[in-house]
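The values are calculated or read from the model by the stated rules, or taken from the named source; none is laboratory data. This structure is a prediction, so every number in the text was calculated from the model and none was measured. All Cβ positions, glycine included, derive from the backbone under ideal geometry; neighbour counts span all protein chains shown. What goes into the accessible areas is simple: the full protein's heavy atoms, side chains included, and nothing from ligands, DNA or RNA. Shrake-Rupley method; radii C 1.70, N 1.55, O 1.52, S 1.80 Å.
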Amino acid sequence: MSTPDEGLLRDLAPRVLVAVVRRYGDFAGAEDAVQEALLAASTIWPTDGTPDNPLAWLIRVASRRMIEQYRRDDARRRREDLAASWSIAPLDPSPGTDDTLTLMYMCCHPSLTPASAIPLTLRAVGGLTTRQIAAAFLVPEPTMAQRISRSKAKIKESDEPFSLPPPDSRAERLRSVLHVLYLLFNEGYASSSGPDLARNDLSVEAIRLTRLVHVALPDDPEVTGLLALMLLTDARRPARTGVDGELVPLAEQDRSLWNRELIAEGVALITRALRQGRMGEYQAQAAVAAVHDQARRHDDTNWAEITALYKVLERMTGNPMVTLNRAVAEAMAHGPEAGLRLLDGLDQQLGDHHRLHSVRAHLLEMAGDHGAAIDEFRVAAARTANLREQQYLTTQAARLGMDGGGRGAN
């Protein structure tokens, strides 16, 4: 949907879907109808101009698609009266921020895995086409279409009404929404596979969707923390790659390129969230990112504070990836041996993950064991599916092999 109205269409997509779902009570059918309406707009508006009321235009077109589909159904005769009543009923573009949040709750239904929930969220709430989503995740369009169809079928089977979840399950469902958005951002910021280090379109979309959740729940500290984490991390994006797209590690980044507006917004958000006194894992991660971003030079980083935050996060989550990150902070604060000790036994939890080998390589280099570091860099390069990471790790092994020296951890 590469048109001058792309941003407008993405903003309107969830509001249109809410109106159509509320009217017809069929999430799966409404989602297909809205996609057709968005495609129609992307074709017609550049020629005929954007209508005076684009929201009503999209709702009207999507409603016509729904009516046409019902009329084509085998049970057409039983539904003709219903379709006729729909065709004369007044259009109600009533959706607001709460309805957009309801859409996200539905797209992140407990029956769906994150791998299924993310594409559905991008289509239903983000307004992306199946082709765009397939391209983002490097899979064929028919494969992605099947994945999205299966997700909608599961939601339909659940027979869940289009409304906010019951209060007793709302917190758990919100955690699912935030987890999906977090994974979406991470995939955009550091792609798990492919030729590029990052997929900026995915991370930007994750930020946009998280802003929508924050508008709906401005006083939730974890929502605020997640948005702060995304902004503080994304602020470094301009310095994270070189002129040829190669990875530039944190220690070597030109910090004058960091986006200071995003940093200021992120710091203000995490400060406000932490003042509520209910720290969660996204707030803790955002606090770590804030410490990094507020250091004007890598050497000015307050590694002791970062270490303390990772200890808190470790107790909250028990996540071995947190321990891996803490190992880097411990090495920077107290020397490489302290970090290497934390890596002992992590292979039992992380397996042969390339990041474990990469961190061990950096810490071994800091400790002066260049031979072992070279071996670990090579193993890490062989384990990653991201071409840019692979090139970086291979280069580090070659550099140590040639001059026996190098810089510190990434």
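Of everything in region 127-137 that's touching a residue at least 12 places away in the same chain (Cβ under 8 Å) and open to solvent by less than 10 Å² (accessible area, probe 1.4 Å), which residue is nearest to ALA40 (Cα to Cα)? Result: GLY127.
Here THR224 meets the list (1) touching a strand residue (DSSP E or B) at 6+ places or on another chain (Cβ under 9 Å); (2) crowded, with 24+ Cβ neighbours inside 10 Å almost entirely, failing just condition (1). Can you work out which of the residues in region 112-126 that are among the small types (Gly, Ala, Ser) and at pLDDT below 90 is surrounded by the most Cβ atoms within 10 Å (Cβ to Cβ)? That would be ALA124.
Just one of (1) in contact with a helix residue (DSSP H, G or I) (Cβ under 6 Å, 6 or more places away or on another chain); (2) assigned to a loop (DSSP other than H, G, I, E, B) fails for GLY245. It is (1). Within region 351-367, take every residue that is open to solvent by 30 Å² or more (accessible area, probe 1.4 Å) and at negative phi and give me the one that is modelled with the lowest pLDDT. Out of the qualifying residues, it is ASP352. The single condition among (1) more than 19 Å from ASP300 (Cβ to Cβ); (2) open to solvent by 10 Å² or more (accessible area, probe 1.4 Å) that MET230 does not meet is (2).
Listed by first and then second residue, the pairs with beta-carbon distance under 6 Å, at least 6 apart or on different chains, first residue in region 310-323 and closer than 15 Å to LEU350 by Cα, second open to solvent by less than 40 Å² (accessible area, probe 1.4 Å) and part of a loop (DSSP other than H, G, I, E, B), are PRO320/LEU346.
For residues in region 234-249 being under 18 Å from the mean Cα position of the chain (by Cα) and open to solvent by less than 20 Å² (accessible area, probe 1.4 Å), which is farthest from LEU184 (Cα to Cα)? Step by step, filter region 234-249, then rank; the result is ALA235. Could you say whether any residue in region 138-153 is open to solvent by 50 Å² or more (accessible area, probe 1.4 Å), outside any helix (DSSP H, G or I), over 30 Å from VAL267 (Cβ atoms) and among the aliphatic types (A, V, I, L, M)? So far as region 138-153 goes, yes, one or more of its residues are open to solvent by 50 Å² or more (accessible area, probe 1.4 Å), outside any helix (DSSP H, G or I), over 30 Å from VAL267 (Cβ atoms) and among the aliphatic types (A, V, I, L, M).
This table checks each residue for (1) modelled with pLDDT of 95 or more; (2) under 30 Å from ARG175 (Cα atoms).
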| site | (1), (2) |
| --- | --- |
| ALA228 | yes, yes |
| THR233 | yes, yes |
| VAL243 | no, no |
| ARG255 | yes, no |
| LEU274 | yes, yes |
| ARG278 | no, yes |
| HIS292 | yes, yes |
| GLU305 | yes, yes |
| THR317 | no, yes |
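Annotation: of all residues in region 324-334 being open to solvent by less than 20 Å² (accessible area, probe 1.4 Å) and without any contact (Cβ under 8 Å) to a residue 60 or more places away in the chain, the one that is farthest from the chain's Cα centre (by Cα) is GLU330.
Taken over region 165-178, the residue count meeting the criterion of being open to solvent by 30 Å² or more (accessible area, probe 1.4 Å), part of a helix (DSSP H, G or I) and not small (Gly, Ala, Ser) is 5.
Conditions (1) over 30 Å from ASP352 (Cα atoms); (2) outside any helix (DSSP H, G or I), marked per residue:
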{"site": "ILE263", "(1), (2)": "yes, no"}
{"site": "GLY266", "(1), (2)": "yes, no"}
{"site": "MET279", "(1), (2)": "yes, yes"}
{"site": "ASP299", "(1), (2)": "yes, no"}
{"site": "ALA308", "(1), (2)": "no, no"}
{"site": "ASN325", "(1), (2)": "no, no"}
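Among the listed residues ALA216, ALA228, ALA273, identify the single one that is under 15 Å from the mean Cα position of the chain (by Cα) and in contact (Cβ under 8 Å) with a residue 40 or more places away in the chain.
Working: ALA216 fails: under 15 Å from the mean Cα position of the chain (by Cα); ALA273 fails: under 15 Å from the mean Cα position of the chain (by Cα).
When all the criteria are applied, what remains is ALA228.
Quick check on region 24-72: of everything there that is β-branched (Val, Ile, Thr), open to solvent by 20 Å² or more (accessible area, probe 1.4 Å) and in a helix (DSSP H, G or I), which residue is nearest to THR121 (Cα to Cα)? Among residues in region 24-72 that are β-branched (Val, Ile, Thr), open to solvent by 20 Å² or more (accessible area, probe 1.4 Å) and in a helix (DSSP H, G or I), the one nearest to THR121 (Cα to Cα) is THR43. Applying the condition of being at pLDDT 85 or above and in contact with a helix residue (DSSP H, G or I) (Cβ under 8 Å, 6 or more places away or on another chain) to region 155-164 and asking which residue is most open to solvent (accessible area, probe 1.4 Å) yields LYS156. So, in region 189-203, of the ones that are modelled with pLDDT under 90 and within 17 Å of GLY127 (Cα to Cα), which residue ends up least open to solvent (accessible area, probe 1.4 Å)? So, considering only residues that are modelled with pLDDT under 90 and within 17 Å of GLY127 (Cα to Cα), the one least open to solvent (accessible area, probe 1.4 Å) is LEU202.
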